[in-house]
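What follows draws every value from the coordinates through simple rules; no lab data is involved. Owing to the predicted nature of the structure, the values given are computational and were not obtained by experimental measurement. In this analysis, Cβ positions are derived from the backbone assuming ideal geometry, glycine residues included, and neighbour counts consider all displayed protein chains.
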Amino acid sequence: ISVKYAQGGRQTGRLTLHVPKNLTATINGGSGLTVSDVAGLRMIGASGPTQGPSATTISHIVGSVSGNFGGGSLGVTDVGSLDLTLLGSRATFTRVHGATRLDVRSGTCSLIALVGPGDITSRQADLTVVGNYASVHLSGSRGSVTITQPQNEVRVDFQQARVTAQLNTAVPLSLSTT
């Protein structure tokens, strides 16, 4: 699908596609996307506005969400698994049921109620983990790490970062900072 606009000025368009639920979608580029109820999603060069209702939202994906997302806001809820690289984004991930692998390069990233295990690498970003139900490993440099009410093991290996942890129950917690 392609669209051509007249030259000059700023042109915007909106496209809605309804596809079968057993489809794995691939998105090349795009900003302010809303994707839900498909089997899987691969994003290549997707982005989103920094705020407002046009932020990119992804929900109810039974399989994997993978690829890269650069700039803007991203909200992901109720997905099978994650394998993403984030570049200067503000992202929130809620209820990832399988494995989570993230490479976060600047920006902010919140992980809420992770059901599957997490492996997050970060450079110059602010990470928040709230109520993880599986083990989570956080590694990287600079930025900050905030851990709130973990329900399972959390391992933190960071350089030059501020680390804050609030525990309401006994769980294995390993913090290594320099």
Mind giving me the nanometre distance, one decimal, between the label points for LYS21 and ILE112, set 7 Å out from Cα along Cα→Cβ? 2.5 nm
Label point 7 Å beyond Cα of GLN124 along Cβ direction - residues of region 133-170 with amide nitrogen under 17 Å: 140-145, 159-162
Calculated log₁₀ intensity ratio I(q)/I(0) where the Debye formula runs over C-alpha points of the chain, q = 0.09, 0.19, 0.20 Å⁻¹: -0.33, -1.20, -1.30
Label point distance in nm, ARG101-VAL62, each placed 7 Å from Cα along Cα→Cβ: 2.3 nm
Taking amide H atoms as placed 1.01 Å from N in the peptide plane, list the residues 5 or more away in sequence, or in a different chain, whose amide H sits under 5 Å from that of SER64. LEU41, SER81
